[in-house]
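Worksheet: one structure, shown below.
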Amino acid sequence: MGRLFVFEGPDGVGKTTTIEAVEKRLHDSGQACSRFSFPGRESGTLGAHIYALHHQPAQFGVEGLSALSLQILHVAAHVDTIEQRILPLLRRGETVLLDRYWWSTWIYGSAAKVPVAQLNRLLSVEHLIWQEVTPTTLFLMSRSSTSVPQEIAQTYRKLAERESAKYPVVSIKNENRIDLVADEILKIVASS
């Protein structure tokens, strides 16, 4: 089985920029890896359509989405990417870098007041699709210059504490130049 490195954290902490830098450095050193994001932005995917619908619903003639329906759409995009792209690569022994995880569905769904029972049921589908696969390491990113609502920051901390019993969760303070942050992450990737 390959390695799955997940980058999580609130909006605006530099996950996407960091993961791109890590991917480039891995490729430059001759290591193959693939990068994905949730819900997804890769052209021609369900995730790209759901991302666009989430951020520009009027473009699709949609006046608004309920908090639960939005999370259902996100999980549908996750499942599609997991089944069609991520699991086949991991089964071939490859390295996958993932921008967001099911954590974001839980955290942003909770912040939008989706009832816990509904989120648990919804995420049980995604957990079923992941099967026995867990992150090799989950990097929980933060940045002091980003204004993150207290509720979201606290929920990330609680989830990190709970999930660290199942797989490594490493807190990364994204306060330095991107090359230094990438170096810190690559040291952990190399030792995994």
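Miscellaneous remarks
- Of everything in the stretch 160-179 that is surrounded by 12 or more Cβ atoms within 10 Å (Cβ to Cβ) and hydrophobic (A, V, I, L, M, F, W, C), the residue that is modelled with the lowest pLDDT is Ile178.
- The set of residues from the stretch 106-143 being at pLDDT 95 or above, within 30 Å of Ala182 (Cβ to Cβ) and polar (S, T, N, Q) comprises Thr134, Thr136, Thr137.
- Every residue from the stretch 130-142 that is surrounded by 17 or more Cβ atoms within 10 Å (Cβ to Cβ) and either assigned to a helix (DSSP H, G or I) or not hydrophobic (A, V, I, L, M, F, W, C) (or both): Trp130, Pro135, Thr136, Thr137, Ser142
- Of all residues in the stretch 60-75, none satisfies being within 29 Å of His27 (Cβ to Cβ) and either hydrophobic (A, V, I, L, M, F, W, C) or surrounded by fewer than 20 Cβ atoms within 10 Å (Cβ to Cβ) (or both).
- The set of residues from the stretch 94-119 being of a type in the set (S, T, N, Q) and within 23 Å of Ser142 (Cβ to Cβ) comprises Ser104, Thr105, Ser110.
- Looking across the stretch 25-65, the residues that are within 30 Å of Ser191 (Cα to Cα) and aromatic (Phe, Trp, Tyr) come down to Phe36, Phe38.
A quick yes/no check of all residues on (1) crowded, with 16+ Cβ neighbours inside 10 Å; (2) assigned to a loop (DSSP other than H, G, I, E, B); (3) touching a His at 6+ places or on another chain (Cβ under 8 Å):
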| position | (1), (2), (3) |
| --- | --- |
| Ile107 | yes, no, no |
| Ser110 | yes, no, no |
| Leu122 | yes, no, no |
| His127 | no, no, no |
| Ser145 | no, yes, no |
| Lys158 | no, no, no |
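- The stretch 10-48, residues that are surrounded by fewer than 20 Cβ atoms within 10 Å (Cβ to Cβ), assigned to a helix (DSSP H, G or I) and without any contact (Cβ under 8 Å) to a residue 60 or more places away in the chain: Glu20, Lys24, His27, Asp28, Leu46, Ala48
- Test set (1) assigned to a strand (DSSP E or B); (2) of a type outside the set (A, V, I, L, M); (3) modelled with pLDDT under 95 - Phe7 fails condition number: (3)
The values are calculated or read from the model by the stated rules, or taken from the named source; none is laboratory data. Quick caveat: nothing in here was measured; it's all calculated off a predicted structure. Cβ sites come from the backbone with ideal geometry, for glycine too, and all protein chains shown count toward neighbours.
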